[in-house]
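Q: What follows is a structure written as structure tokens; I'll ask about it next.
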Amino acid sequence: MAFPRLLALGILSIGLSASRVQVPEFPELQAYKSANPPAAFSFTNQTIIYAPVNNQTLGYPRVTELSDGSLLVASTLSGDYPAFFPICKSVDDGVTWNWLSNVGLAGNDTTGDDPGDESPIGLGAQPHLLQLKQAIGQFPAGAILATGNRMGMESTNIDLYASKDAGKSWQFVTTIAQGGPPTTDGVIAYYSDSRDENHAQKLSHQTSDNLIDWADPVDDVAYPKYEDRPGMTVVAYIPPLAKYMLVYEHGNGTRSKGGNNYPDSYKLAADPLLFNAAPALAIEAKDGLNKTIEPGSAPYVTWSPVGGVNGTIIVTDANHKKLFINRKGGAVEGWETRDIPQPHAYARALHVLSKYPDHLMVIGAGPFRPKQGDKTPLSVSLLNITALVESSQ
């Protein structure tokens, strides 16, 4: 069975300007290399990928592993210029990192069609990366896709970029979805959608078999109560279940038992196009005092074969430093927590190395809505999953 490639992103907004944006220069970024790197192939605690300078802030880190084993990380970078996504690369399983290129930086697109060339705001949120395993339309196998939100107060655009040279340069492809102000051989783009007048926000997806033309939106999560705001879709395939897991935050919901206004939930479905029919399930664990702990906001999910016959489902959130794990095939009673050294952050990302399935990357950057000049670095910890699952809560 061929499984579709997945893109997970969000939907925010943008305002456009008729004047062309001046292209900033970033000599400190282009020359950046990880300082004092640890030994190759070792487990590490909070290796700095990039430390912001001056008024720069970082957020929403995302990672993908290429077919040659190298790793690419994207993160929003903003400051005294329109936001964009710098791409950093590691060829030693996340131990050392170097700057590679920029996505969505004014004047950086190879086609000249990038809306960012005229935008005073830029790509401000939710980057996502993936490499095509087969050709789609005019894009060959091995091409890398990048998506993100070009956001402002007048409209919302999910832009798609592609690289045919392993991430060294990028071309603007299309705008997948456009919204208003904020209030199996193909690709699926998942996002939070505020365009339906019957919902303050819902989760939707669109599909494409050529990356240029996209089918109409389909609901993944939509609550009958208008005020409910599900958001922040991330999808992972869970092989022992032969199912996909969709995790999301449930804004303004009534499910929370811990006073959390954005508790995280999940759905399991054999078909990644049919999440809407699957029941919503709560992620809840117990601490040593039998108190309920639930993740909140900006969830991310991945899976490792380590941890037993079902492997281990691993979820991170914005409110906790610790991770939530499940070794019971996603059963609602199977959630546990584990402490880790990587600091908590808004929209942390997870990745299990394909060559080393006991190696878990946890990547984080700044907080939600950081103050200008926030110095929280983009950093990564490489953790031993075997030791993690065997440790106590």
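The values are calculated or read from the model by the stated rules, or taken from the named source; none is laboratory data. Remember, it's a predicted structure, so these values are computed and weren't measured experimentally. All Cβ positions, glycine included, derive from the backbone under ideal geometry; neighbour counts span all protein chains shown.
Q: Restricting to segment 353-391, what's the tally of residues that are among the polar types (S, T, N, Q), in a loop (DSSP other than H, G, I, E, B) and under 22 Å from Asn326 (Cα atoms)?
A: Of the residues in segment 353-391, the ones among the polar types (S, T, N, Q) are 354, 372, 376, 379, 381, 384, 386, 391.
Next cut, in a loop (DSSP other than H, G, I, E, B) only: 354, 372, 376, 391.
Subsequent filtering for residues that are under 22 Å from Asn326 (Cα atoms) retains 354, 391.
Within segment 353-391, residues that are among the polar types (S, T, N, Q), in a loop (DSSP other than H, G, I, E, B) and under 22 Å from Asn326 (Cα atoms) number 2.
Q: Also: Just to check your reading of the model, which residue among Leu289, Leu273 is of a type outside the set (Gly, Ala, Ser) and under 30 Å from Pro224 (Cβ atoms)?
A: Numbers: Leu289 fails: under 30 Å from Pro224 (Cβ atoms).
Going through Leu289, Leu273 in turn, just one is of a type outside the set (Gly, Ala, Ser) and under 30 Å from Pro224 (Cβ atoms): Leu273.
Q: Quickly run through segment 132-153 and pick out the residues that are under 25 Å from Ser78 (Cα atoms) and part of a strand (DSSP E or B).
A: As a first pass, look at segment 132-153 and keep what is under 25 Å from Ser78 (Cα atoms): 144-153.
Residues satisfying the conditions are Ile144, Leu145, Ala146, Thr147, Gly148, Asn149, Arg150, Met151.
Q: Inside segment 57-97, can you point out the residues that are assigned to a strand (DSSP E or B) and among the hydroxyl-bearing types (Ser, Thr, Tyr)?
A: Filtering segment 57-97 down to residues assigned to a strand (DSSP E or B) leaves 57-65, 71-78, 83-90.
Residues satisfying the conditions are Thr57, Tyr60, Thr64, Ser75, Thr76, Ser78, Ser90.
Q: Of all residues being aromatic (Phe, Trp, Tyr) and under 17 Å from the mean Cα position of the chain (by Cα) in segment 148-198, which is modelled with the highest pLDDT? Just the residue, please. Before you say what the answer is, go through the steps one by one.
A: Let us first name the residues in segment 148-198 that are aromatic (Phe, Trp, Tyr), namely 161, 170, 172, 190-191.
From what is left, the residues that are under 17 Å from the mean Cα position of the chain (by Cα) are 161, 190-191.
Numbers: Tyr161: 94, Tyr190: 88, Tyr191: 88.
Looking at residues that are aromatic (Phe, Trp, Tyr) and under 17 Å from the mean Cα position of the chain (by Cα), I get Tyr161.
Q: Okay, moving on. In the set Met232, Met245, which member is at pLDDT below 95 and either surrounded by fewer than 19 Cβ atoms within 10 Å (Cβ to Cβ) or under 25 Å from Ala270 (Cβ atoms) (or both)? It would help to see each step written out before you state the result.
A: Working: Met245 fails: at pLDDT below 95.
Criteria check complete, one pass: Met232.
Q: Could you tell me which numbered condition His344 fails, if it satisfies all but one of (1) surrounded by 20 or more Cβ atoms within 10 Å (Cβ to Cβ); (2) within 21 Å of the chain's Cα centre (by Cα); (3) within 30 Å of Pro279 (Cα to Cα)?
A: The one condition His344 does not meet is (1).
Q: Also: Report every pair of residues separated by at least 6 positions or lying on different chains whose Cβ atoms are under 8 Å apart, first residue within segment 382-393 and more than 22 Å from Val63 (Cα to Cα), second modelled with pLDDT under 90 and part of a helix (DSSP H, G or I).
A: Pairs found: none.
Q: Assuming Gln393 fulfils every condition listed in (1) under 22 Å from Lys89 (Cα atoms); (2) modelled with pLDDT under 90 apart from one, which condition is it?
A: (1)
Q: Six or more apart or on different chains, Cβ atoms under 7 Å: show the pairs whose first residue is in segment 172-187 and over 26 Å from Asp271 (Cα atoms) and in a loop (DSSP other than H, G, I, E, B) and whose second is at pLDDT 85 or above and among the small types (Gly, Ala, Ser).
A: Listed pairs, sorted by first residue: Pro182/Ser194; Thr183/Ser194; Thr183/Ala200.
Q: On to the next question. Please find, within segment 306-326, the residue that is surrounded by the fewest Cβ atoms within 10 Å (Cβ to Cβ) out of those that are of a type in the set (S, T, N, Q) and within 21 Å of the chain's Cα centre (by Cα).
A: In the first step, residues of segment 306-326 are kept if they are of a type in the set (S, T, N, Q); the result is 310, 312, 316, 319, 326.
Subsequent filtering for residues that are within 21 Å of the chain's Cα centre (by Cα) retains 312, 316, 319, 326.
Details: Thr312: 26, Thr316: 29, Asn319: 18, Asn326: 26.
The qualifying residue surrounded by the fewest Cβ atoms within 10 Å (Cβ to Cβ) is Asn319.
Residue-wise test of (1) surrounded by fewer than 20 Cβ atoms within 10 Å (Cβ to Cβ); (2) touching a Pro at 6+ places or on another chain (Cβ under 6 Å); (3) more than 22 Å from Leu71 (Cα to Cα).
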{"site": "Ser354", "(1), (2), (3)": "yes, no, no"}
{"site": "Pro357", "(1), (2), (3)": "yes, yes, no"}
{"site": "Ala365", "(1), (2), (3)": "no, yes, no"}
{"site": "Leu383", "(1), (2), (3)": "no, no, no"}
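Q: Shifting gears a bit: Can you tell me which residue is farthest from the chain's Cα centre (by Cα) among those in segment 57-92 that are among the acidic types (Asp, Glu) and surrounded by fewer than 21 Cβ atoms within 10 Å (Cβ to Cβ)? Walk me through how you get there before you give the answer.
A: Taking segment 57-92 and keeping what is among the acidic types (Asp, Glu), we get 65, 68, 80, 92.
Those left that are additionally surrounded by fewer than 21 Cβ atoms within 10 Å (Cβ to Cβ): 68, 80, 92.
On the way: Asp68: 21, Asp80: 24, Asp92: 22 Å.
Ranking the qualifying residues of segment 57-92, first place goes to Asp80.
Q: Out of segment 284-305, which residues are modelled with pLDDT of 95 or more and surrounded by fewer than 19 Cβ atoms within 10 Å (Cβ to Cβ)?
A: Pro305
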